[in-house]
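The structure appears below as structure tokens.
The values are calculated or read from the model by the stated rules, or taken from the named source; none is laboratory data. Quick caveat: nothing in here was measured; it's all calculated off a predicted structure. Every residue, glycine among them, receives a Cβ derived from its backbone with ideal geometry; neighbour counts consider all protein chains shown.
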Amino acid sequence: MTKDLKRHKKDVSLPSDGHRERKKARTREQLTEAAVRLFAERGFEQTKVDDIVAAADVVPRTFFRYFASKDDALFSWYDLPRDATVAALRSRPRGEGIVTALIAALDGSLRASGAQRVIKLTSQVVAKSPELRGRLDAAHATHRCDIANALAHRLPASAALVARMITAAVMTAYAATVDEWVADGARGPLSDYTGPAMKLALKVFAAVNAQYVLR
């Protein structure tokens with residue numbers, strides 16, 4: 001091998017793992033964006049996988065690399081605010097009350113993941129295809145469990161049940177206000193609905209918030 005060829009080989013850098021992961025994340029996001037948009041416009045049953053891949057400018061094989069079915073593509077959007085909430089709980093300051101921390105994490109996740117638009121579109125799809133409601137409820141239950149586990153990780157082991165109870169109560173209240181926002185046409189900011197409900201949750205659970213703090 002000549003010296004120039006050796007130098008050229010050394011200068012060629014392969015994509016890093018981080019670059020590959022970002023590219024995969026972008027592809028997944030493009031597919032979910034296309035899927036949810038088409039579902040909202042045409043209806044879930046009327047939209048085919050071929051329509052989704054055409055809109056995302058990929059081949060069907062790429063779609064099935066990320067999703068097993070159309071409804072996987074639809075509900076994968078809900079992983080984004082879940083992941084953002086879990087990440088936020090991990091970084092909340094020590095000594096903060098668990099109710100305060102959970103509400104802040106939920107609010108932050110909506111902004112970080114662009115979830116307001118996702119919730120609006122997904123609600124439109126589910127309204128047109130009621131058979132998807134069960135899948136949506138199952139996704140919510142899984143995400144509540146994941147978020148409760150993240151909260152419990154910041155507490156003593158003896159407080160795991162408290163973490164689950166508070167997560168269930170706060171997220172149920174959150175979901176109720178989201179449903180109200182959607183029923184009203186989802187025209188204004190979602191925070192106009194969730195804000196008052198979360199202030200009430202802080203008042204109701206003030207004693208728990210003072211007794212159980214993040215470590």
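Return the only residue of Ala207, Ala197, Ala176 being within 20 Å of Ala152 (Cβ to Cβ) and either at pLDDT 90 or above or in contact with a strand residue (DSSP E or B) (Cβ under 8 Å, 6 or more places away or on another chain) (or both).
Answer to the check: Ala207.
Would you kindly identify the helices (runs of 4 or more DSSP H) lying entirely within the range 1-103 that contain at least 3 residues that are within 19 Å of Asp146 (Cβ to Cβ) and modelled with pLDDT of 90 or more?
In the range 1-103, 79-91 are the helices (runs of 4 or more DSSP H) which contain 3 or more residues that are within 19 Å of Asp146 (Cβ to Cβ) and modelled with pLDDT of 90 or more.
Being in the same structural domain as Ala168 (by TED's automatic domain parsing), within 18 Å of Glu21 (Cβ to Cβ), β-branched (Val, Ile, Thr) and surrounded by fewer than 20 Cβ atoms within 10 Å (Cβ to Cβ): is that true of Val86 here?
Judged against the criteria, Val86 is a match.
Being over 14 Å from the mean Cα position of the chain (by Cα), of a type outside the set (Asp, Glu) and closer than 18 Å to Asp192 by Cα, is that true of even one residue in the range 150-171?
Checking the range 150-171: at least one residue is over 14 Å from the mean Cα position of the chain (by Cα), of a type outside the set (Asp, Glu) and closer than 18 Å to Asp192 by Cα.
Go through the range 152-205 residue by residue and tally those that are in a helix (DSSP H, G or I) and at positive phi.
The number of residues fulfilling the criteria is 0.
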